[in-house]
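Asker: To start, I am sharing the structure in question, which I have written as structure tokens.
All of the numbers you see were taken from the coordinates with simple rules; none came from a lab. Owing to the predicted nature of the structure, the values given are computational and were not obtained by experimental measurement. Counting neighbours? That spans all protein chains shown, and the Cβs are built from the backbone with ideal geometry, glycine included.
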């Protein structure tokens, strides 16, 4: 499931900044078509992946029949954009980008919104990292594309973080007098000590019971 931050980033890319310029590149000279995250690609190595945004040339699309175009596209897009969620592991995300390149993608952008970083993957060239850049220019199949990142970073900063989850230690400190066992500083399990008022009440009750017991014995 997508996080709120990732959903907002994808919306900014597809509706405001990213896919519209990619689509305009394709429409201006008829070279290709842009897709959003609803499209899944069946890659040459058998993998099935769905990027957050992608662009496919008309040359690649022409190799598919009309029936094949109505199903999952059995090809690799020339250009892909992936957006990380806070729960995503960077290593796994980078491995997926390398999978795109290995299957034929010419250009890939991995966007880490939490750290305002973009990793650029290009076929046959080393990885390039951009930190806190305000815009990123396309190259190769999407030359002419300009992705405005400043509005994306600002939008992510406005996403309010979820309330912090209380730590187990805080829960133990807030436990009632006769709640679950707490772990003492020595590492041993021990019951929380009753409050002073509760101890005084118990002593008063014990004294009352003792007095009543002696009265019954005398009678």
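Asker: Can you work out which of the residues in the stretch 47-64 that are free of Cβ contacts under 8 Å to residues at least 60 places away in the same chain and closer than 17 Å to residue 143 by Cα is surrounded by the fewest Cβ atoms within 10 Å (Cβ to Cβ)?
Answerer: 59
Asker: Within the stretch 65-102, track down each residue that is buried (at least 18 other Cβ atoms within 10 Å of the Cβ), assigned to a loop (DSSP other than H, G, I, E, B) and over 22 Å from the mean Cα position of the chain (by Cα).
Answerer: The answer is 75, 76, 77, 78.
Asker: A further question follows. As an exercise: evaluate residue 152 against (1) out of contact with any strand residue (DSSP E or B) (no Cβ under 8 Å at 6 or more places or on another chain); (2) in a helix (DSSP H, G or I); (3) over 22 Å from residue 45 (Cα atoms) and give the number of the one condition it does not meet.
Answerer: So residue 152 meets the others, but not (1).
Asker: Which of the numbered conditions does residue 138 fail, given that it passes all the others? Conditions: (1) crowded, with 18+ Cβ neighbours inside 10 Å; (2) farther than 27 Å from residue 59 by Cα; (3) touching a residue at least 40 places away in the same chain (Cβ under 8 Å).
Answerer: Every listed condition holds for residue 138 apart from (2).
Asker: Then there is this: With the requirement that a residue be in contact with a helix residue (DSSP H, G or I) (Cβ under 7 Å, 6 or more places away or on another chain) and part of a strand (DSSP E or B), what does the stretch 50-64 give you?
Answerer: Answer for the stretch 50-64, where residues must be in contact with a helix residue (DSSP H, G or I) (Cβ under 7 Å, 6 or more places away or on another chain) and part of a strand (DSSP E or B): 53, 55, 57.
Asker: Looking at the stretch 97-111, is at least one residue without any contact (Cβ under 8 Å) to a residue 60 or more places away in the chain and farther than 24 Å from residue 39 by Cα?
Answerer: no
Asker: When only residues in the stretch 108-125 that are part of a strand (DSSP E or B) and more than 22 Å from the chain's Cα centre (by Cα) count, which is surrounded by the most Cβ atoms within 10 Å (Cβ to Cβ)?
Answerer: Among those residues, the one meeting the criterion is 122.
Asker: Can you find, within the stretch 141-156, the residue that is nearest to residue 31 (Cα to Cα) among those that are within 20 Å of the chain's Cα centre (by Cα) and in contact (Cβ under 8 Å) with a residue 24 or more places away in the chain? I'd like the intermediate steps shown before the answer.
Answerer: Step one: filter the stretch 141-156 for residues within 20 Å of the chain's Cα centre (by Cα), giving 149-156.
Narrowing further to those that are in contact (Cβ under 8 Å) with a residue 24 or more places away in the chain: 149, 151-153, 155-156.
On the way: 149: 25, 151: 28, 152: 27, 153: 30, 155: 32, 156: 33 Å.
Checked the stretch 141-156; the qualifying residue nearest to residue 31 (Cα to Cα) is 149.
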